[in-house]
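Data first, discussion second: the structure below is written as structure tokens.
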Amino acid sequence: MSAAERMRKTRQRRHKGVIPVSIDIDDVRVPALLVAAGFLASKDADDRKAIGAALESYIAEASSPTAYETVAAQRRALLLGATKEA
């Protein structure tokens, strides 16, 4: 890939509000989680590109406004329950 192509991809990501992140993951536990959660086919558990795509989908879904509201509601319920008991 040429420097011009890399720069074009960088600009496209910035325009979409996406940043590239490099992380180290456990090569057994993370694919197992993604398979169990339905984001990765078990046959792809050793495929780095498939794991990366599945992890992107998992994070996108987990960080969606709907998921955020669900977690926030659960936390409020837990906090209210703890307050009532105190």
Item to check | the stretch 10-22 - phi-based ³J(HN,Hα) in whole Hz, Karplus 6.51/-1.76/1.60, Gly and Pro as x | outcome: 4, 5, 4, 4, 4, 4, 7, x, 10, 10, x, 9, 10
Checklist outcome for this item: Candidates for Kirkwood radius over Cα pairs in Å are [x] 16.0; [y] 18.8; [z] 16.8, and the calculated one carries label [x]
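Charges only on Cβ, +1 for Lys and Arg, -1 for Asp and Glu: so what's the dipole of the stretch 1-70 about the Cα centre, in debye to the nearest 20?
Working: 11 positive and 10 negative charges, 124 e Å.
The calculated dipole for the stretch 1-70 is roughly 600 debye.
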Next on the checklist: Could you derive backbone 3J(HN,Hα) for the stretch 63-79 from the dihedral phi with the Karplus parameters 6.51, -1.76 and 1.60 (θ = phi - 60°), listing whole Hz in sequence and x where the residue is Gly or Pro?
Outcome noted: 9, 5, x, 5, 5, 4, 5, 4, 5, 4, 5, 5, 5, 4, 4, 5, 5
Checklist entry - Add -39500 (n - 2.57) for each DSSP H run of 4 or more in the chain, then divide by its residues: what number comes out at 222 nm, to the nearest 500 deg cm²/dmol? => result -22000 deg cm²/dmol
Checklist entry - Hey, if you put +1 on the Cβ of every Lys and Arg and -1 on every Asp and Glu Cβ in the chain, which of Ser63, Gly81, Ala50 ends up farthest toward the positive end of that dipole? => result Ser63
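Bear in mind these aren't lab numbers, they're just calculated from the coordinates by the rules spelled out. The shown structure was predicted, so the numbers you read here are calculated from the model rather than taken from an experiment. A quick note on method: Cβ atoms are made from the backbone with ideal geometry, for glycine too, and the neighbour counts reach across all protein chains shown.
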